[in-house]
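Data first, discussion second: the structure below is written as structure tokens.
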Amino acid sequence: FTAPHCRELSYKQNLFSNIKSKFTAISLLCNHKSLQSGVENFGFINAWADSDGVFRRVPLFMSYKEKIFPSFALSTLLSIDKDMQIDTQYDTILVDFSKKLKVFSAVDLLSGEILADEIQGKVVILGSSVVGLNPTYTISNSQKVSNSMIYAFVIESLLEDTLLKQPE
């Protein structure tokens, strides 16, 4: 089911119209209408494991009603740098889970225990890692990660230009 205000959703005059994606959504779940109308950059958080049950890759683009939408990670980076150059040679990227990301507790953040300089000038993703609240995915080292962590790793890889490449 797609809410009526989501059915005609498009991305900045279809900014990505020249991109082809083999991933197609048949419905959308978007923000509440009052929130979505004020959002310039938005993206999908779809994720799925490979056929062996291990999560390795994320699509960068997905189509819906013949319009192309970026992933949450890509749309987040476009919010920071509107002129960001995107390599569209591949429509999925392998996620580099070897990086060490800083993770803060929401309680510590809200109670002021996290100093402003620890997050100022950084990309901050608020998300839950509570099992049962969000889907989790098993990565190659058998750890479980949430959608918010997956996209934090993707953003870090895109910012640092350390995308993993799979040989032909």
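The values are calculated or read from the model by the stated rules, or taken from the named source; none is laboratory data. Here the structure is a predicted model, which means the values were calculated and not measured. All Cβ positions, even for glycine, are placed from backbone atoms using ideal geometry, and neighbour counts span all protein chains on display. Surface accessibility is based on the protein's heavy atoms, side chains included, excluding ligands, DNA and RNA. Shrake-Rupley method; radii C 1.70, N 1.55, O 1.52, S 1.80 Å.
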> Among all residue pairs at least 6 apart or on different chains, which show Cβ distances below 8 Å where the first residue, located in region 93-105, is of a type in the set (Asp, Glu) and the second is open to solvent by 50 Å² or more (accessible area, probe 1.4 Å) and not in a loop (DSSP other than H, G, I, E, B)?
Replying inline: ASP96/GLU156; ASP96/LEU164
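Taking ILE155 as the residue in question, decide whether it is surrounded by 14 or more Cβ atoms within 10 Å (Cβ to Cβ), of a type in the set (A, V, I, L, M) and closer than 30 Å to ILE19 by Cα. Please lay out each step first, then the result.
Details: surrounded by 14 or more Cβ atoms within 10 Å (Cβ to Cβ): yes; of a type in the set (A, V, I, L, M): yes; closer than 30 Å to ILE19 by Cα: yes.
Yes; evaluated as a whole, the condition is true for this residue.
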>> Could you check region 28-54 and list, in sequence order, the residues that are under 14 Å from CYS6 (Cα atoms) and surrounded by 11 or more Cβ atoms within 10 Å (Cβ to Cβ)?
In response: LEU28, LEU29, CYS30, ASN31, LYS33, GLN36, VAL39, PHE42, GLY43, PHE44
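I need the strands (runs of 3 or more DSSP E) fully contained in region 55-102, keeping only those with at least 1 residues that are over 12 Å from VAL154 (Cα atoms).
Numbers: elements: 57-59, 61-64, 67-70, 92-94.
Where strands (runs of 3 or more DSSP E) fall fully within region 55-102 and carry at least 1 residues being over 12 Å from VAL154 (Cα atoms), they are 61-64, 67-70.
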>> Please verify whether SER71 is open to solvent by less than 50 Å² (accessible area, probe 1.4 Å), among the polar types (S, T, N, Q), under 28 Å from CYS6 (Cβ atoms) and modelled with pLDDT under 90, treating the condition exactly as stated.
In response: yes
> Which one is nearest to VAL54 (Cα to Cα), of the residues in region 103-117 that are open to solvent by 90 Å² or more (accessible area, probe 1.4 Å) and assigned to a loop (DSSP other than H, G, I, E, B)?
Replying inline: VAL103
> What about LYS100, is it over 24 Å from LEU28 (Cβ atoms), surrounded by fewer than 13 Cβ atoms within 10 Å (Cβ to Cβ) and charged (D, E, K, R)?
Replying inline: yes
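For region 38-60, does any single residue satisfy the condition of being among the hydroxyl-bearing types (Ser, Thr, Tyr) and modelled with pLDDT under 85? Explain how you work it out, then say what you get.
Keep residues of region 38-60 that are among the hydroxyl-bearing types (Ser, Thr, Tyr), which gives 51.
If we keep only those that are modelled with pLDDT under 85 as well, we get none.
No; the residues of region 38-60 include none that is among the hydroxyl-bearing types (Ser, Thr, Tyr) and modelled with pLDDT under 85.
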> Looking only at region 153-168, which residues are part of a helix (DSSP H, G or I) and either under 13 Å from THR92 (Cα atoms) or touching a strand residue (DSSP E or B) at 6+ places or on another chain (Cβ under 9 Å) (or both)?
Replying inline: PHE153, VAL154, SER157, LEU158
